[in-house]
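A short worksheet on the structure shown next.
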Amino acid sequence: MMTEPLSAPDDPLSSKCGFATLLDPHGGRPASAGLGALKSARRIVVKVGSSLVTNEGRGIDADAVGNWCRQLATLAAQGRELVMVSSGAIAEGMKRLGWRTRPSELHELQAAAAVGQMGLAQMYETQLSRFGMGSAQVLLTHADLADRERYLNARSTLLTLLRLQVIPVINENDTVVNDEIKFGDNDTLGALVANLVEADALVILTDQRGLYSADPRQHPDARFIAQGRAGDSALEQMAGGAGSSIGRGGMLTKILAAKRAAGSGASTVIAWGREPDVLLRLAAGEAIGTALLAGTPKLAARKQWMADHLQLRGSVRVDAGAVLKLRDEGKSLLPIGVIEVEGEFHRGDVIAVLSDAGTEIARGLANYSSGEARLIARKPSSQIVGLLGYANEQELIHRDNMVLA
Ligand code: GLU
């Protein structure tokens, strides 16, 4: 891990970080850390926390949201693909309901989120359209992304939105779950979304300027962490050590989010959300905040993810033409190339693609169940609707969801 000496050890610290390794961004040091992790990132997930979005609970900060939306639009014009993961529903809901203190009962928090989400979505739509960008509201849960079929549905929807150059604005579906209310303030969700869309980078914008090696109030020799390796256990120990409290959206959830994002090859940057033009400058290669770099390249990480997360449920045997298209032309697998379907699988399961001789060519997420695949095998994709009554996708396995053996 790369560190810098701390020049302002007595800076005020956020109450949110029980273990105050995140230092106040106003601390007097120029934001000079990090190593340009975002410069070559094409697909970027940006996560913003509640206190930033709602200006410490004072209501949605239109200027701040407008500022990020302006930057997102500029990055989109550069050909980058952006996904926003935004908290703030509970904070905004509490304001709308006239609640001054955060209730302890989860169902009340969930009700506040339902109220506040209206304003949150409205604000992003207004601000993104000011800068010529379309927006879409997506409410997800951790369980959605653990379920193979919902995972694939969410992935297909988000990738379609990106192709349409619409910016998805994602929050947890707080009505039905409370994972992020209890712990994460959407840090974990941000990482899961980065995995889902195979982002190159996750940017966690927060009200702190990055990570410190220790609580600077107690350790004057605490160092700013300019760069580390996502998944480095020393970071976790540091954040989970004595005196820490795993607060909602504190330091540990960010470190764990970076580890999770690295599972699909995405590096994470943790930076102060009010740093002027923070996203544009990061994307231009400027080193701001703390960069936690992924150790494994995206493709290898994706292969590993498939191996770790999803059991092989079946296979399809394909003809020589399909082998050629997959191997040499980088194409998707269409039903017409399928000779035989083996095993029982659902939409979203990982299946193997075998040559006629039985050699494994690739693995990928099936867009159709084994039953459906048997009906559409050997048929042109234009017949899928006629045969099934609906069509998920034209491909049996989309190229984006496939890794070659
Ligand atoms: N999803 C929640 C929100 O947007 C998480 C933040 C919180 O727990 O306050 O409000």
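The values are calculated or read from the model by the stated rules, or taken from the named source; none is laboratory data. Predicted, not measured: the structure shown is a model, and the values here were computed from it. Cβ atoms come from the backbone with ideal geometry, glycine included; neighbour counts cover every protein chain shown. Heads up: the accessible areas ignore ligands, DNA and RNA and are worked out on the full protein's heavy atoms, side chains in. Shrake-Rupley method; radii C 1.70, N 1.55, O 1.52, S 1.80 Å.
For the stretch 356-375, state whether one or more residues are surrounded by 14 or more Cβ atoms within 10 Å (Cβ to Cβ), under 23 Å from Arg155 (Cα atoms) and touching a His at 6+ places or on another chain (Cβ under 7 Å).
yes
Table: residues versus (1) among the aliphatic types (A, V, I, L, M); (2) surrounded by fewer than 24 Cβ atoms within 10 Å (Cβ to Cβ); (3) in a loop (DSSP other than H, G, I, E, B).
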position	(1), (2), (3)
Val176	yes, yes, yes
Glu180	no, no, no
Leu192	yes, no, no
Asn195	no, no, no
Ala199	yes, no, yes
Leu202	yes, no, no
Arg209	no, no, yes
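Which count do you get for residues in the stretch 87-105 that are within 11 Å of the ligand (Cβ to nearest atom) and closer than 25 Å to Val46 by Cα?
Here the count works out to 8.
Does Val166 meet the test of being under 28 Å from Met306 (Cβ atoms), among the aliphatic types (A, V, I, L, M), away from the ligand (no atom under 16 Å from the Cβ) and touching a Gly at 6+ places or on another chain (Cβ under 7 Å)?
Against the criterion (under 28 Å from Met306 (Cβ atoms), among the aliphatic types (A, V, I, L, M), away from the ligand (no atom under 16 Å from the Cβ) and touching a Gly at 6+ places or on another chain (Cβ under 7 Å)), Val166 qualifies.
For Leu120, are the conditions met, namely being open to solvent by less than 30 Å² (accessible area, probe 1.4 Å), within 30 Å of Leu396 (Cα to Cα) and modelled with pLDDT of 95 or more?
Here the answer is no, as Leu120 does not meet what is asked.
For the stretch 162-174, does any single residue satisfy the condition of being open to solvent by 30 Å² or more (accessible area, probe 1.4 Å), free of Cβ contacts under 8 Å to residues at least 40 places away in the same chain and assigned to a loop (DSSP other than H, G, I, E, B)?
Yes, the stretch 162-174 contains a residue that is open to solvent by 30 Å² or more (accessible area, probe 1.4 Å), free of Cβ contacts under 8 Å to residues at least 40 places away in the same chain and assigned to a loop (DSSP other than H, G, I, E, B).
Which members of the stretch 264-293 meet the condition of being in a loop (DSSP other than H, G, I, E, B) and closer than 22 Å to Ala146 by Cα? Give the steps one after another, and end with the answer.
So in the stretch 264-293, the residues in a loop (DSSP other than H, G, I, E, B) come out as 264-266, 273-277, 284-289.
Ser264, Gly265, Ala266 - these are the residues of the stretch 264-293 that are in a loop (DSSP other than H, G, I, E, B) and closer than 22 Å to Ala146 by Cα.
Given the residues Leu139, Leu106, which is the only one that is under 14 Å from Glu180 (Cβ atoms), touching a residue at least 24 places away in the same chain (Cβ under 8 Å) and surrounded by fewer than 14 Cβ atoms within 10 Å (Cβ to Cβ)? Working first, answer last.
Details: Leu139 fails: surrounded by fewer than 14 Cβ atoms within 10 Å (Cβ to Cβ).
Unique residue meeting the criteria: Leu106.
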